[in-house]
1. Beyond 32 Å between alpha-carbons counts as too far, so tell me which of Lys95/Lys222; Lys236/Lys334; Lys225/Lys339; Lys168/Lys329; Lys133/Lys236; Lys133/Lys339 fall in that bin.
2. With a cut-off of 14 Å, note down the residues of segment 11-25 whose backbone N falls inside the zone around a label point 7 Å from the Cα of Glu75 toward its beta carbon.
3. Please give the length that would be gained between Ser35 and Ala267 if that part of the chain were fully extended, namely 0.36 nm times their separation in residues minus their C-alpha to C-alpha distance (nm, one decimal).
4. Across segment 28-39, in residue order, what do the Karplus-derived ³J(HN,Hα) couplings come to in whole Hz, using 6.51 cos²θ - 1.76 cosθ + 1.60 with θ = phi - 60° and x for Gly and Pro?
5. Applying a 10 Å radius around every beta-carbon, put 9-17, 301-309 in order of their mean neighbour count, most first.
6. Rounded to the nearest angstrom and ordered from largest down, what semi-axes does the equivalent ellipsoid of segment 6-338 get from its C-alpha gyration tensor (root of 5λ)?
7. Contact order normalised by length for the chain, with contacts defined as Cα pairs under 8 Å and 6 or more residues apart; what percent is it?
8. So between Glu237 and Val297, what do we pick up on full extension, going 0.36 nm a residue minus the alpha carbon distance?
Amino acid sequence: MSLGPVMVDLEGLELGAEEREVLQHPAVGGVILFSRNYFSPEQVTELVREIHALREPHLLVAVDHEGGRVQRFREGFTLLPAARRFGELYEQNAKSACELARMAGWLMARELRAVGVDFSFAPVLDLDLGVSKIIGDRSFHSTPDPATRLAHNWMSGMRDAGMAATGKHYPGHGAVVADSHVDIPVDDRTFEDILMQDLLPFERMINYGLAAVMTAHVIYEKVDKLPATFSPFWLKEVLRERLAFQGVVFSDDLGMEGASVAGDMVARAEAALEAGCDMIPVCNNPQGTRQVLDGIVWQDRPVGHLRLARMHGRQPLRREELLADPQWKQAVEKVARLKDETATLPL
């Protein structure tokens, strides 16, 4: 069975009978975990094991685990600083800050791989332009060069730990005040302005081998009337053709308000796939998930399946092996020092 284009969520700490049935649906290709699905490393390891055992190739298991405000697993995991902390350190010593970003990316990915999670939706490539509260300190920097250098090192650390990276939120969410979770953001800048600012980290990271991007539910009104998630211009003409991106395109959660302009849940799903998305998360809306699975019309795309298969985690390890690893212990100690904004660089 190939990986379908729909990513679904779960209700609690264990798989229910109905959820097992949903995960067997041919349109499903992945599962995203949230804080409600986490109690301990041991519990989530068993949950991921059960999900993986349901199908072959196994369903992708993902989580939002950037650090700072967005880290779903906390107790038993290293608490990672927000991306902005690395940007602040970059102003002191760019080389050291990049080395720390690489180490933190490795630590994040290695801890998740030790419980079986395939990948985290990270790093954030949005620029912090001083207006977006939903992005804010999730961004490495306000300018493209430092943001890209730090994100590149973070991605390299993830890769060393056996995890593919996902850059978000393409083509950039940092210039709008509205939060696409609860509103429909509109960016009034020209394509040229976006090209020379927000798109630069994406373009450079693609050249560095970025495996996936996640789209923004943002309307760039001087470019296209549709949010990027539903825009063939942004996904096919710019991302695939101009930037020559060959990886996975994830939409952001289709249950968000920013996606509502496309219609009901089935219409959103089909519009996102038609525009060029490979996988579409549908979260926090069990009824909407069922509507999508029952109503979606989609074609099995061999190329899309191959792209998604590359998101499977590599370098599996047991948590006992992780805890005995001197590299892990050293990384945990250095990350702990990052919380102290008055401390010298922990290298």
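1. Working: Lys95/Lys222 38 Å; Lys236/Lys334 41 Å; Lys225/Lys339 42 Å; Lys168/Lys329 29 Å; Lys133/Lys236 29 Å; Lys133/Lys339 21 Å.
Violating the 32 Å limit, Cα to Cα: Lys95/Lys222; Lys236/Lys334; Lys225/Lys339.
2. 13
3. Numbers: separation 232, 0.36 × 232 = 83.52 nm, distance 2.85 nm.
Taking Ser35 through Ala267 to full extension adds about 80.7 nm, to one decimal.
4. Working through the residues one at a time gives 7, x, x, 10, 10, 9, 10, 4, 5, 9, 10, 10 Hz.
5. Values: 9-17: 14.1, 301-309: 15.8.
Highest to lowest by the protection proxy: 301-309, 9-17.
6. The equivalent ellipsoid of segment 6-338 has semi-axes of 28, 27, 16 Å.
7. Details: 727 pairs, mean separation 59.4, N = 347.
Once normalised by length, the contact order is 17 percent.
8. Full-extension gain reported as 19.2 nm.
Taken together, the values in this text are just the output of simple stated rules run on the coordinates, not laboratory data. These figures come from a predicted structure and were not determined experimentally. FYI the Cβ positions are ideal-geometry reconstructions off the backbone, even for glycines, and counts take in every protein chain you see.
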